[in-house]
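The structure under discussion appears below in the form of structure tokens.
Values in this text are rule-based calculations from the coordinates and carry no lab data. Since the model is a prediction, treat every value here as computed from it, not as a measurement.
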């Protein structure tokens with residue numbers, strides 16, 4: 001018995017950060033991608049962004065699209081999960 005989204009013919013989708021920006025000024029996109037795609041690879045959809053550099057840290061996430069992908073079996077990366085919990089409850 002196989003648990004989770006990796007059923008026959010389906011590929012595992014992951015919600016994770018993709019780093020962009022310059023050397024000392026990182027910016028992150030929150031994207032949905034296939035698990036076996038590299039970090040700079042093609043994203044299925046961009047859900048939001050995170051900017052850790054400003055005095056007031058910017059975090060934007062489209063919650064309706066997040067819910068859509070979670071119902072489709074996407075797995076949230078640990079680092080994204082921590083940021084979501086931090087910004088929801090702080």
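With an 8 Å cut-off on Cα pairs and a minimum separation of 6 or more residues, tell me the relative contact order of the chain in percent.
On the way: 131 pairs, mean separation 24.8, N = 90.
28 percent.
The angle between the Cα long axis of helix 78-89 and the longest principal axis of the Cα atoms of the chain comes to about 60 degrees, rounded to the nearest 10.
Placing one equal scatterer on every Cα of the chain and applying the Debye formula, the log10 ratio I(q)/I(0) at q = 0.23, 0.24 Å⁻¹ is -1.22, -1.30. Among 59, 68, 49, the largest mean-square fluctuation in a Gaussian network model of the chain, built with springs joining Cα atoms closer than 10 Å, belongs to 68. Which residue, 71, 56, 33, tops the fluctuation ranking in a GNM of the chain built on C-alpha contacts under 10 Å? Highest fluctuation of the listed residues: 56.
Every helix of 4 or more DSSP H residues in the chain counts as -39500 (n - 2.57), and over all residues that averages to -7000 deg cm²/dmol at 222 nm. The DSSP beta bridges internal to region 4-90 are antiparallel in roughly 90% of cases.
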